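Enquirer: Take this structure, written in structure tokens, and hold onto it; I'll ask about it next.
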Amino acid sequence: MTELNADERRLQWHCRRGLKELDVILGPFMDEHYRALDEGDKAIFSRLIACEDMDLFNWFMHQDTPADPELEHMVELILARLAR
């Protein structure tokens with residue numbers, strides 16, 4: 001991976017969460033797929049990262065879905081990219 005800019009470093013830091021399960025999902029996505037996102041999806045990812053850990057956990061474990069369709073799209077995109 002090439003050198004990260006300040007925004008990417010901030011996002012990478014915020015991908016480190018209080019739950020190991022989230023670290024295993026968000027860290028690899030950030031490292032391997034974030035740069036390929038278009039600007040709109042990058043903004044949605046940034047909004048997703050600002051959400052509470054338990055909300056993220058429930059969304060990624062399919063126990064709940066975000067009320068915001070853009071966040072729901074990002075959750076599904078992350079899970080799909082990591083499943084490859």
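Enquirer: If you check Trp59 against the conditions, is it aromatic (Phe, Trp, Tyr) and either surrounded by fewer than 17 Cβ atoms within 10 Å (Cβ to Cβ) or in a loop (DSSP other than H, G, I, E, B) (or both)? Write out each step before concluding.
Expert: Details: aromatic (Phe, Trp, Tyr): yes; either surrounded by fewer than 17 Cβ atoms within 10 Å (Cβ to Cβ) or in a loop (DSSP other than H, G, I, E, B) (or both): no.
So Trp59 fails the test.
Enquirer: Quick one: Thr65 ticks every box in (1) of a type in the set (S, T, N, Q); (2) at pLDDT below 95; (3) in contact with a helix residue (DSSP H, G or I) (Cβ under 9 Å, 6 or more places away or on another chain) bar one, so which box is it?
Expert: Tallying (1) of a type in the set (S, T, N, Q); (2) at pLDDT below 95; (3) in contact with a helix residue (DSSP H, G or I) (Cβ under 9 Å, 6 or more places away or on another chain), Thr65 fails exactly one: (2).
Enquirer: Tally up the residues in region 7-51 that are over 16 Å from Met74 (Cβ atoms) and in a helix (DSSP H, G or I), please.
Expert: So in region 7-51, the residues over 16 Å from Met74 (Cβ atoms) come out as 7-10, 12-13, 16, 18-21, 23-24, 31.
Imposing the further condition that a residue be in a helix (DSSP H, G or I) reduces the set to 7-10, 12-13, 20-21, 23-24, 31.
The number of residues fulfilling the criteria is 11.
Enquirer: Could you check region 64-84 and list, in sequence order, the residues that are under 16 Å from Ile25 (Cα atoms) and in a loop (DSSP other than H, G, I, E, B)?
Expert: Matches in region 64-84: Arg84 only.
Enquirer: Quick one: in region 1-36, which of the residues that are charged (D, E, K, R) and touching a Phe, Trp or Tyr at 6+ places or on another chain (Cβ under 8 Å) is surrounded by the most Cβ atoms within 10 Å (Cβ to Cβ)?
Expert: Glu8
Enquirer: If you don't mind, another one. Please tell me if Glu21 is out of contact with any helix residue (DSSP H, G or I) (no Cβ under 9 Å at 6 or more places or on another chain) and among the charged types (D, E, K, R).
Expert: Working: out of contact with any helix residue (DSSP H, G or I) (no Cβ under 9 Å at 6 or more places or on another chain): no; among the charged types (D, E, K, R): yes.
Criteria not met by Glu21.
The values are calculated or read from the model by the stated rules, or taken from the named source; none is laboratory data. Keep in mind the model is a prediction, meaning the values are calculated, not measured. Cβ: placed from backbone, ideal geometry, glycine included. Neighbour counts: every protein chain shown.
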